[in-house]
Amino acid sequence: MGIYRAVIKSVVPLSKSLSKKTHQLSTFRSISSSSIIIPSHLEKVGFVGLGNMGSKMATNLVKAGYNVAVHDINHSVMKMFSNKGISVKGSPMEVAEISDVVITMLPSPAHVLDVYTGPNGLLNGGNVVRPWLFIDSSTIDPQTTRKLSSAVSKCALIEKKVSRESPVMLDAPVSGGVPAAEAGTLTFMVGGPEEAYMAAEPLFSSMGKNTIYCGNAGTGSAAKICNNLAMAVSMLGVSEAFVLGQSLGITATTLTKIFNSSSARCWSSDTYNPVPGVMDGVPSSRNYDGGFASTLMAKDLNLASASAKDIGLKSPLTSEARDIFTKLCDEGHGAKDFSCVFRHFYSGKDEL
Ligand code: NAD
């Protein structure tokens with residue numbers, strides 16, 4: 001079922017399909033320091049993975065009044081959170097023991113599997129102590145998401161704050177990048193049981209401005225890798241066209257004006273232009289620093305490519321885009337924003 005919901009800054013009670021007892025538990029608590037109202041089934045939120053994105057998302061949950069506990073293997077980021085008075089824990093399992101809901105924001109499928117099923121992992125060998133809901137916001141492949149969702153649903157839930165025998169999982173990757181994570185304006189694409197999605201809406205609205213329910217487990221992950229595949233290919237197309245234009249004597253500024261009022265207009269031409277000097281406030285205007293790292297784009301294209309291969313789908317543009325971004329990383333540009341493909345793959349010139 002494809003349902004689009006613009007999240008309103010309000011609380012949403014648990015849906016009918018959760019039990020009566022769950023409904024009774026779904027009372028709302030007002031946090032005196034702010035006007036946010038938090039439902040009791042979401043009071044305690046665990047957060048694992050405090051990198052560029054996760055640190056901002058967890059901070060927004062704290063600002064919204066949630067009782068947050070965090071974990072990361074990076075000790076300096078843990079110290080930063082601890083200095084702000086936020087509870088830090090030594091392992092994912094310790095986070096899970098005190099949380100109603102746990103959100104993960106990790107680099108890749110291997111990291112996510114490790115945090116869920118590894119030693120001292122969230123699933124605690126199949127006996128989940130407290131969280132009735134797990135939300136993975138990392139960009140990973142739908143196959144891994146589905147495996148994990150199935151493993152979660154087979155776990156026993158020991159402390160039953162909501163009336164469920166097993167916990168439930170949502171895949172909820174995000175779009176918007178670090179600035180949107182900081183501003184609390186992310187877009188969430190969510191897969192998993194719809195009633196869990198509805199129950200979790202207050203959390204999404206504390207970190208983002210749009211959520212789109214995509215369907216069963218894995219469909220959020222699928223949406224995300226498809227989005228990034230299309231974004232990568234459009235960035236390559238725009239970059240290649242600008243370099244051809246420059247070589248044929250048209251400036252990128254002129255070509256941008258033409259694209260943006262013609263059929264080639266797209267996000268890569270009108271919002272995130274890859275040519276240094278054409279637009280202010282984008283990574284190309286600051287030596288491709290900040291933004292969305294080429295390593296992450298290469299990872300996402302690998303996920304898309306593996307997913308296509310898995311189902312026997314012909315996807316030549318995915319393979320080509322993956323190879324180009326992998327080459328960029330091999331040549332030392334992995335930390336730069338992915339729009340650096342214009343300079344470092346195509347040897348495009350800056351706009352003077
Ligand atoms: P990041 O590398 O900055 O952060 C990942 C964090 O996970 C790090 O702090 C790392 O120490 C921690 N970590 C790794 N293994 C761990 C473990 N076993 N236990 C606990 N912590 C562990 O990555 P990011 O930019 O925050 O991205 C996170 C996810 O979000 C990725 O899947 C990425 O593709 C996706 N994403 C990123 C952006 C972006 O613009 N950066 C945008 C949308 C989606």
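Brief remarks on what is shown
- Scanning the stretch 99-124 for residues that are surrounded by fewer than 18 Cβ atoms within 10 Å (Cβ to Cβ) and assigned to a loop (DSSP other than H, G, I, E, B) yields 107, 118, 119, 120, 121.
- Some residue of the stretch 191-212 being outside any helix (DSSP H, G or I) and among the charged types (D, E, K, R): yes
- Filter result for the condition that a residue is within 25 Å of residue 296 (Cβ to Cβ) and either at pLDDT below 95 or assigned by TED's automatic domain parsing to the domain that holds residue 292 (or both), over 177, 208: 177
- Extreme residue, nearest to residue 106 (Cα to Cα), among residues of the stretch 67-79 that are more than 11 Å from the ligand (Cβ to nearest atom) and out of contact with any helix residue (DSSP H, G or I) (no Cβ under 7 Å at 6 or more places or on another chain): 79
- Candidate set from the stretch 243-288 (those that are farther than 21 Å from residue 177 by Cβ and of a type in the set (A, V, I, L, M)); member that is farthest from the chain's Cα centre (by Cα): 248
- Residue pairs meeting the criteria (Cβ under 6 Å; at least 6 apart or on separate chains; first on the phi > 0 side of the Ramachandran plot, in the stretch 42-58; second within 10 Å of the ligand (Cβ to nearest atom)): 49/104; 49/105; 49/106
- Verdict on residue 326 being under 23 Å from the mean Cα position of the chain (by Cα), at pLDDT 95 or above, closer than 22 Å to residue 224 by Cα and away from the ligand (no atom under 16 Å from the Cβ): no
- Checking 151, 181, 196 one by one, the residue that is within 11 Å of the ligand (Cβ to nearest atom) and touching a residue at least 12 places away in the same chain (Cβ under 8 Å) is 181 and no other.
- Matching option when the condition is more than 21 Å from residue 181 (Cα to Cα) and in the same structural domain as residue 195 (by TED's automatic domain parsing), among 46, 90, 51: 90
- Unmet requirement for residue 82, which otherwise passes all of (1) within 9 Å of the ligand (Cβ to nearest atom); (2) assigned to a helix (DSSP H, G or I): (1)
- For the stretch 132-141, a residue qualifies if it is touching a Ser or Thr at 6+ places or on another chain (Cβ under 9 Å) and more than 16 Å from the ligand (Cβ to nearest atom), and exactly one does: 132.
- Total residues in the stretch 142-153, condition farther than 15 Å from residue 121 by Cα, touching a Ser or Thr at 6+ places or on another chain (Cβ under 7 Å) and surrounded by fewer than 17 Cβ atoms within 10 Å (Cβ to Cβ): 1
- Between 285, 294, the distinction of being among the small types (Gly, Ala, Ser), over 20 Å from residue 230 (Cα atoms) and at pLDDT 95 or above belongs to 285 only.
The values are calculated or read from the model by the stated rules, or taken from the named source; none is laboratory data. Bear in mind that the values here come from a model prediction, so they are computed numbers and not experimental data. All Cβ positions, even for glycine, are placed from backbone atoms using ideal geometry, and neighbour counts span all protein chains on display.
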